[in-house]
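Here's the structure we're looking at; comments come further down.
What follows draws every value from the coordinates through simple rules; no lab data is involved. What you see is a predicted model; the values in this text were computed from it and never measured. Glycine also receives a Cβ, built like all others from the backbone with ideal geometry; neighbour counts cover every protein chain displayed.
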Amino acid sequence: MSTTGFSTYVWLFFACCFCCSKAMPTKLNQEATNDRPVIGILTQIVSDEVMKPFGRNYIPSSYVKFIESGGSRVMPIRLTLTSDEYETIFSKINGLLLIGGAVNLETSDFATVAKIFYRLALRANDKGDFFPIWGTCLGMQLLTVLVAGEDLLAKTTAENVALPLNLTTEAASSRMFEGFPNKLMRALTREPLTGNFHHFGLTVKTFQENEKLETFFSLLSTNVAENGVHFVSTIEGKRYPFYGVQWHPEVNRFQWDRKLNFPHSAHAVQLASLLAEFFVNEGRRSLHQFDNPEEEASVLIYNDTPVYAGNFTGYEQIYFF
Ligand SMILES: *[C@@H]1O[C@H](CO)[C@@H](O)[C@H](O)[C@H]1NC(C)=O
Ligand SMILES: *[C@@H]1O[C@H](CO)[C@@H](O)[C@H](O)[C@H]1NC(C)=O
């Protein structure tokens, strides 16, 4: 932290306001901006046989580009560090992206490390130390497990299908879609702008019946699975800057496999661009920083080289760790 005495004072003042009022954390610390954010991405565990020769952990480049396109840099975060090391990393990065994948949401290393960051983020935000988290697909599912304290997922298959969103009334007053052009919001409910690649999800019924989830998140959109079940497709924290999408905004601009239904229309690209900017703007409100430029440079994903994977996966490029 490198706040001056004065801004520390302002910080505490706002933090106090936050504790005593219902103000959203996003309304806090508006004087603070960090134009050199670093968003952490937790590496995912390789489960696909064809990827195993390359490494145990990976991040598809599309997620990295998604974050970079919003004006942030990316730090890949390994799953083999100690709690103390994660705490140190937390104090230096400005947000966290939990990506898709196929791992156990309670017992995997991915889930265990995500839980450490989730708890640190809860505590930090409570103190007015703004820290956003975004979960995509499995990442969103994991956020719901962390909040509910149990895995409530059910079969909600929507595999390789692009869908419009069934927006709730809360979407209109959400932070995520704030300032989106009306034309895009209309397109979002009518055109297939969101790519779905999942077998499990959270049903709307389960969400609405679970007090912890209902209290924590606003439901911004729903969709209907192949089996007719309505599932939660977009959520945002009411009090915390935590966001979840069951669909994949990163594919709209950065994945091109012809066998997969990736939305590439102008509206699909615009949607993904605005969401990347939105999340990185959230990261700009975090004043965490590295001790020095050398330390920062040594951990950024620029040190790693993605592998061409277009001929054996649905991704064009993948970082392996
Ligand atoms: C959209 O969501 C509403 C509830 O918010 C539900 O009643 C309706 O059936 C849904 N429609 C579709 C097409 O998913
Ligand atoms: C994919 O292409 C690379 C060359 O770019 C090649 O080395 C590799 O063997 C190919 N992999 C498969 C599974 O075909």
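Among the trypsin sites (Lys or Arg not before Pro) in the range 215-321, which ones are in a DSSP loop with at most 16 other Cβ atoms within 10 Å of the Cβ? Mind listing them?
LYS238, ARG258, LYS259
Tell me whether the range 38-320 comes out rounded, prolate or oblate; compute the Cα gyration tensor, take square roots of the eigenvalues as a ≥ b ≥ c, and use a/c under 1.5 as the rounded threshold.
rounded
Mind checking the range 125-186 for GluC sites (Glu not before Pro) that DSSP puts in a loop (not H, G, I, E or B) and that have at most 13 other Cβ atoms within 10 Å?
Here the GluC sites (Glu not before Pro) that fit, given the DSSP loop and packing criteria, are GLU150, GLU178.
Of the candidates THR80, THR156, THR136, which one comes out as most mobile in a Gaussian network treatment of the chain with C-alpha springs shorter than 10 Å?
THR80
Express in whole angstrom the spacing between the alpha-carbon centres of the range 261-280 and the range 27-92.
Result: 20 Å between the Cα centres.
So what is the 222 nm mean residue ellipticity for the chain from helices alone, if each DSSP H run of at least 4 adds -39500 (n - 2.57) and you divide by all residues, rounding to the nearest 500 deg cm²/dmol? Each step should come with its number before you reach the end.
Working: 11 runs with 112 residues, N = 321.
Dividing the helical sum by the residues of the chain leaves -10500 deg cm²/dmol.
Taking 0.36 nm per residue of sequence separation and subtracting the Cα-Cα distance, how much length would be gained by fully extending the chain between GLU277 and LYS205, in nm to one decimal?
Result for the pair: 22.8 nm of gain on full extension.
How much length, in nm to one decimal, is gained on full extension between THR189 and THR112, taken as 0.36 nm per residue of separation minus their Cα-Cα distance? Kindly include the intermediate steps, with their values, before the conclusion.
On the way: separation 77, 0.36 × 77 = 27.72 nm, distance 3.54 nm.
Working it through step by step, the gained length comes to 24.2 nm.
Mind telling me which of ASP48, ASP35, ASP126 comes out most flexible in a GNM of the chain, alpha-carbon contacts under 10 Å?
Looking only at ASP48, ASP35, ASP126, the largest GNM fluctuation is found for ASP48.
Please turn the phi angles of the range 289-306 into ³J(HN,Hα) values with the Karplus equation 6.51 cos²θ - 1.76 cosθ + 1.60 (θ = phi - 60°), one per residue in order, whole Hz, x for glycine and proline.
3J(HN,Hα) across the range 289-306, in whole Hz: 7, 6, 5, 7, x, 5, 4, 4, 4, 6, 10, 6, 5, 4, 6, 10, 10, x.
Collect residues whose amide H, placed 1.01 Å from N in the peptide plane, falls under 5 Å from the amide H of ILE41; neighbours closer than 5 in sequence don't count.
MET75, ILE77, LEU97
For the chain, build the charge dipole from Cβ charges (+1 Lys, Arg; -1 Asp, Glu) around the Cα centre, then report which of PHE278, MET75, LEU143 sits farthest towards its positive end.
Of the candidates, PHE278 comes out farthest on the positive side.
To make sure I understand the rule: partners must be lysines, Cα under 24 Å from the Cα of LYS155, and not fewer than 8 residues away in the same chain. Which ones qualify?
Correct list for LYS155: LYS115, LYS205, LYS212, LYS259.
Distance in nm between label sites at LEU300 and ASP48, each 7 Å beyond Cα in the beta-carbon direction?
Going from the LEU300 label point to the ASP48 one covers 2.8 nm.
Between THR80 and SER173, 0.36 nm times their residue separation minus their Cα-Cα distance comes to what?
That pair, THR80 and SER173, stretches by 29.5 nm at full extension.
Explain nothing, just the number: dipole magnitude of the chain about its Cα centre with +1 on each Lys and Arg Cβ and -1 on each Asp and Glu Cβ, in debye rounded to the nearest 20.
For this selection, approximately 660 debye.
Along Cα→Cβ, 7 Å out, is where each label goes; now give me the distance between the ones at ALA154 and ASN182 in nm to one decimal.
3.8 nm
Summing +1 for each Lys or Arg and -1 for each Asp or Glu, what net charge is found among the other residues whose Cβ lies under 10 Å from the Cβ of LEU120?
+1
Between ASP291 and ASN227, what's the calculated FRET efficiency when r is the beta-carbon distance and R0 is 41 Å? Round to 0.05. Display every interim value, and only then the final one.
Working: r = 51 Å, r/R0 = 1.25.
Computed FRET efficiency for ASP291 and ASN227 comes out at 0.20.
Roughly what % antiparallel, to the nearest 5, for the DSSP beta bridges in the chain?
On the way: 27 of 41 bridges.
Around 65 percent of the beta bridges assigned by DSSP in the chain are antiparallel ones.
Would you work out which of PRO263, THR313, PHE130 lies farthest towards the positive end of the dipole of the range 38-320? Charges go on Cβ: Lys and Arg +1, Asp and Glu -1.
Working it through, the farthest residue towards the positive pole turns out to be PRO263.
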